[in-house]
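A short worksheet on the structure shown next.
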Amino acid sequence: WEGFEYYQDYLGSHMEVMDVETGHRKILFSGAHSFQAPNWTPDGGHLIYNSNGFLYDYNLETRKTAMFNTGFANRNNNDHVLTFDGKWMGISHHNPDDGGASSLYYLPVEGSDEPIKVTKSGVGASYFHGWTLDGNAMLFTGNRKGKYDIYSVAVEDGTEVQLTDTDGLDDGPEMPPDGKYIYFNSNRTNLADEAGWQ
């Protein structure tokens with residue numbers, strides 16, 4: 001569309017759920033803004049999603065939406081994930097004190113005025129995608145050394161470990177419940193590959 005800017009101009013959004021066995025889809029609610037990256041809570045009762053830099057909690061029983069308290073982190077992108085035990089939420093916030101670069105934080109699943117920063121300032125943009133099983137490290141796509149690779153970062157002290165090293169884009173790392181691999185996507189063959197790191 002002429003004059004239409006992707007990720008800037010929106011026609012509206014639906015929040016939908018789909019039964020993977022039947023393919024049946026149900027619209028939960030609609031709005032004029034972009035709804036992104038809904039995540040289930042472990043009890044299956046809530047969806048946490050991003051819209052306009054804020055996170056929201058949708059209660060499937062009451063069908064009501066409430067803003068999720070992320071305190072000063074009000075420029076969140078769509079990269080947010082709960083730990084496997086459901087106690088913590090990891091987020092990516094565009095930190096104004098670091099030139100607007102996306103940085104990683106975590107906070108209790110109940111919300112907090114003061115999310116805890118994990119990645120260091122000045123190292124490059126960091127986009128959170130998943131947790132290790134024990135919740136001790138966050139998995140992210142990092143812009144380091146002039147390219148995007150997969151990294152882990154220790155929650156306790158911010159120590160980073162580079163997990164991939166390629167000229168292409170590696171993105172979206174997540175660990176499945178068995179903890180044996182980290183899955184991510186890559187354009188290293190000019191296609192949308194799926195790859196695994198062990």
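The values are calculated or read from the model by the stated rules, or taken from the named source; none is laboratory data. Worth saying up front: this structure is predicted, and the values here are computed from it rather than measured. Note that we place each Cβ from the backbone using ideal geometry, even for glycine, and neighbour counts take in every protein chain shown. To get the accessible areas, we keep the full protein, side chains included, count just its heavy atoms, and leave off ligands, DNA and RNA. Shrake-Rupley method; radii C 1.70, N 1.55, O 1.52, S 1.80 Å.
Distance in nm between label sites at LEU169 and SER121, each 7 Å beyond Cα in the beta-carbon direction?
Placing both labels 7 Å beyond Cα along the Cβ direction yields 2.8 nm.
For segment 56-128, calculate the relative contact order in percent as a whole number, restricting contacts to Cα pairs under 8 Å that are 6 or more residues apart. Kindly include the intermediate steps, with their values, before the conclusion.
Working: 140 pairs, mean separation 19.9, N = 73.
This gives 27 percent for segment 56-128.
ASP19 to ARG188: FRET efficiency via 1/(1 + (r/R0)^6), r the Cβ-Cβ distance, R0 25 Å, to the nearest 0.05?
On the way: r = 34 Å, r/R0 = 1.37.
After rounding, the FRET efficiency stands at 0.15.
Over segment 1-132, what is the relative contact order in whole percent, taking alpha-carbon pairs under 8 Å and six or more residues apart? Each step should come with its number before you reach the end.
Numbers: 268 pairs, mean separation 20.1, N = 132.
Relative contact order here is 15 percent.
Tell me which trypsin sites (Lys or Arg not before Pro) from segment 37-82 have a DSSP coil assignment and no more than 13 other beta carbons within 10 Å of their own.
Answer by residue number: ARG63.
On average, how much accessible surface per residue is there in the chain, in Å², for a 1.4 Å probe, leaving out ligands, DNA and RNA?
Working: 11430 Å² over 198 residues.
Here the per-residue accessible area is 58 Å².
Students often check this: by mean Cβ neighbours within 10 Å, which of 40-53, 118-131 ranks highest, and how do the rest follow? Could you put the intermediate results ahead of the total?
Details: 40-53: 15.8, 118-131: 19.8.
Top to bottom by mean Cβ count within 10 Å: 118-131, 40-53.
Counting every Cα pair in the chain, what percent are over 19 Å apart?
Every Cα pair in the chain considered, those over 19 Å come to 63 percent.
Given a Förster radius of 22 Å and the C-beta distance between PHE54 and ASN136 as r, what FRET efficiency does 1/(1 + (r/R0)^6) yield to the nearest 0.05?
0.20
Using Cα pairs under 8 angstrom and six or more residues apart, how large is the relative contact order of segment 51-198, in percent? Don't skip to the end; give the middle numbers.
Details: 355 pairs, mean separation 20.3, N = 148.
Relative contact order, segment 51-198: 14 percent.
Which residue fluctuates most in the GNM of the chain (Cα springs below 10 Å): GLU61, GLU160, GLU110?
Judging by the Gaussian network model, the answer is GLU61.
Which pairs break 32 Å Cα to Cα here: LYS26/LYS117; LYS26/LYS147; LYS147/LYS180; LYS64/LYS120; LYS64/LYS147?
On the way: LYS26/LYS117 37 Å; LYS26/LYS147 39 Å; LYS147/LYS180 26 Å; LYS64/LYS120 36 Å; LYS64/LYS147 41 Å.
Check vs 32 Å cut-off fails for LYS26/LYS117; LYS26/LYS147; LYS64/LYS120; LYS64/LYS147.
Ignoring ligands, DNA and RNA, what percent of the 1.4 Å accessible area of segment 63-152 is carbon and sulfur?
Numbers: 1960 of 3920 Å².
The value for segment 63-152 is 50 percent carbon and sulfur by accessible area.
Want the number for ASN39 to ASN74: 0.36 nm per residue separation, take away the alpha-carbon distance, what's left?
Numbers: separation 35, 0.36 × 35 = 12.60 nm, distance 1.82 nm.
In short, 10.8 nm is gained.
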